[in-house]
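Comments concern the structure below.
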Amino acid sequence: MAPVVMLLLLAPVISEMLYGATRVSFLFALIPEIGVWGCGALLIRYVVRRWHRGWLSVWLLGLALALAEECFIQQTSLAPLIGSAANGYGRAVGVNWIYLIWALGYESIWVVVVPIQLTELVFPGRRKEPWLRTGGVLWAGLSFCLASFIAWFTWTKQARTKVFHLPPYDPPWLYLLLAGLAIALLVVVAFVVPVAWPQKMQAGRPSPRPWRLGLAAALLGLPWGTFVLVSYGTWLWIQPAVIIPLALGWALLAFLLLRGWTSQPGWQDSHRLAVVFGAITACMVSGFIVFAVGGAWPMDWIGKAIMNLAAVAGLSRLGRKIAR
């Protein structure tokens, strides 16, 4: 049960707590997040390992989970956002396009890919196992559905209307249908895409040193973590027609760089941990930037700083273990 419990916790802790989206002052929100993000990541990993798929399939299924969150569970990419509800920045034909792009990238990587990779680095001997049996799959599926309903109800029916005083919102059925078809398409592609990266090993080019990979991952992830501020209309002088292609290009650059790194000989756990370490560092640092711009209570600053330092200590300890 150890890797199961760790993944259940790492998925929401990394993406929500270390980032600061879920703050110490609202720690109770972590419970449904364990059900949605933790069980979602656990089920994705089970499917990938059970049917012997690769990391590209993990990411595609992570995109499907993110799309379900954005269109069905909390509907944050369809309903008018809190910060930009007055001016409609980045919103067209009923979709918050900038926020949707940010959410698909952030939630698929920091909710699914990074926690799964980190958990497998902690338990390398069980990397090939699915970790769940039939009963565990049913339990995780039911928990995911229950937590998704709680998250949907508390946000769309209570928080939006009673806390933020926004009018009730029900997404058009056509949008839900299109989102469901997109999720189904991502699932199908995840099962037919090649297991390995579509590439050949590049002989004569050894993998970069782990510290360079970690630094590169941090530099690539940091802008994406702060990208959410643009979607809330923090900098209205940035035109959506400019930022959207730029964000998509940045995501493509990160994908191609990762593909190139993993294609080089000598790729091993120390390199994997370096990329994970860099991605989590970007998540934590960008969260402080979001705090500075959007504001946060002192207890949230202190709590986030303590958790971030604990995360750095744990990752450093894991790095020493892998090096030995």
Scoring only Lys, Arg, Asp and Glu (+1, +1, -1, -1) among other residues with Cβ under 11 Å from the Cβ of ARG127 yields +2
A chain fully extended from PHE255 to LEU30 at 0.36 nm per residue, minus the present Cα-Cα distance, gains in nm 78.0 nm
Taking a crude spin-label model, label points 7 Å out from Cα along the C-beta direction, the TRP235 to VAL137 distance in nm is 4.6
In Å, the Kirkwood hydrodynamic radius from C-alpha pairs for segment 2-323 sits at 20.3
Asserting the computed 222 nm helical MRE of the chain (DSSP H runs at least 4 long, -39500 (n - 2.57) per run, divided by residue count, to nearest 500) equals -20000 deg cm²/dmol
Rounded to the nearest 10, the angle in degrees between the Cα long axis of helix 173-192 and the longest principal axis of the Cα atoms of the chain comes to 0
Answer in debye to the nearest 20: the dipole magnitude of segment 89-172 about its Cα centre, from +1 Lys/Arg and -1 Asp/Glu charges placed on Cβ, is 100
Projected onto the charge dipole of the chain (unit charges on the beta-carbon of Lys, Arg, Asp and Glu, signs +1, +1, -1, -1), the Cα from TYR99, LEU132, ILE306 with the largest positive-side position is that of LEU132
Length gained if LEU146 through LEU309 is fully extended, taking 0.36 nm per residue and subtracting the Cα-Cα distance, is 55.4 nm
Under the 7 Å Cα-to-Cβ spin-label approximation, TRP55 and LYS157 lie apart by a distance in nanometres of 4.1
The number of Lys pairs in the chain whose alpha carbons lie under 29 Å apart, excluding pairs fewer than 8 residues apart on one chain, is 5
Simple SL model, points at 7 angstrom along Cα→Cβ for VAL242 and PHE164; separation in nm is 2.6
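Volume per residue, Å³, of the convex hull around the alpha-carbon atoms of segment 211-324?
Values: hull volume 9.8 nm³, N = 114.
Per residue, the Cα convex hull of segment 211-324 comes to 86 Å³.
So, with +1 on the Cβ of K and R and -1 on the Cβ of D and E, and no other charges, what is the size of the charge dipole of segment 2-323 about its Cα centre, to the nearest 20 debye?
960
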Listing ARG324, ARG133, ARG212 by rising number of other beta-carbon atoms within 10 angstrom, fewest first, gives ARG324, ARG133, ARG212
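A short reminder: the numbers here are calculations on the coordinates, not readings from a lab. From a predicted model like this one, the values you see are computed outputs, not experimental measurements. No Cβ is skipped: glycine too gets one built from the backbone with ideal geometry, and neighbour counts run over all protein chains shown.
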